[in-house]
Amino acid sequence: MSAETLHASASATMTSKASFAAEQRRAARRRRGRIIAVQLLILVAFLLMWEFLPKVGWLSDRLTFLDPYFISSPSEIWATLGDLASGRDNSPEMWPFARATVEASLIGTFLGTVLGAGAGLVLSNSRMLSDVLRPFIIALNAVPRIALIPIIVIIFGPTMKASVFTAITVVFFVVFFNAYEGGRTVPPQVLENARLLGASKTQLMWRVRWPHVLAWTVTALPNAVSFGLVSVVTAEILTGTVGMGRLLLDSVTTVQASLTFAVVVVLSILGIVLVAIAEVIQRRWLHWWAQGD
């Protein structure tokens, strides 16, 4: 076969692969478009039912939960969101509250992730420590976090520190068990080969187990962020410290349904944004880790 024929064949193969990849990308875009369209249809249908079904007299009379006094309406919630964003009509501006909640969530999630990953790494590398401490960690994990918040408040006072520490206690356990299992997934033959090459226990921990622990830790990041936000809001509700939890508490105690749902919408948006950022970090890191592996 001549060189020209080989070159033409290779060019045809590359063109075919490029065309296939382009078609795959177009198919993926079409699929994402269909998914987004269906999601928007579901959202619009839900909002329309929420807006107009409570206005049907015979229906709201028979179904208590459709009473507008309790569930408000999308239009009123939208107006309340505008008030919260601008601070008009004697409404509190939500930005300082949102900033306090996000700040406490990020700090608590970061510290909880670092501590959880570190504990998972150390315990997965030491059979003795794992056997001794694992039952205590499981017992602590079984304690409802809401039962610990009063103790945390006694120690730190009704301040942002209490919210941060609450997030740390929740995120720590979410990350720890992932990191611990990640450290234990290292194949035994890899550890044995490293020992034969003269690796110390510390070198085994950092050079062999740590990449697996880090990958499993990053996998838990979206859940850690979600739990961090929820724990901070819960602490703010129970302590009354500045944050979205405080706004939620005020709306419930004053029975303002529109404000309650508006705060829930803001928290949902914050949660979506934080989890989306965590998922981007997760995809990037796991992609690099897979390439390096």
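Before moving on, here are some points about what is shown:
- Over segment 82-292, relative contact order from alpha-carbon pairs under 8 Å, at least 6 apart, %: 27
- Ordering S163, S124, S251 from the fewest to the most neighbouring beta carbons within 10 Å gives S251, S124, S163.
- The Cα center of segment 37-71 and the Cα center of segment 138-203 differ in position by 44 Å.
- Ranking of I277, I237, I168 by count of other Cβ atoms within 10 Å, fewest first: I277, I237, I168
- Net length available on complete extension from K55 to R88 is 9.1 nm, with 0.36 nm assigned per residue and the Cα-Cα distance removed.
- Rg to Rh quotient for the chain, alpha carbon positions, Kirkwood Rh: 1.12
- Ranked by the mean number of other Cβ atoms within 10 Å of their residues, highest first, the peptides 78-88, 135-145 come out as 78-88, 135-145.
- 3J(HN,Hα) along segment 220-230, derived from phi through the Karplus expression 6.51 cos²θ - 1.76 cosθ + 1.60 where θ = phi - 60°, amounts to 7, 4, x, 5, 4, 4, 4, 5, x, 5, 4 Hz, with x in place of Gly and Pro.
- Per-residue Cβ neighbour rank within 10 angstrom, fewest leading, I149, I269: I269, I149
Any read-out appearing in this document is the output of simple, stated calculations on the displayed coordinates, not a laboratory observation. Every value quoted in this text rests on a predicted model; they were computed, and no experiment measured them. Note that we place each Cβ from the backbone using ideal geometry, even for glycine, and neighbour counts take in every protein chain shown.
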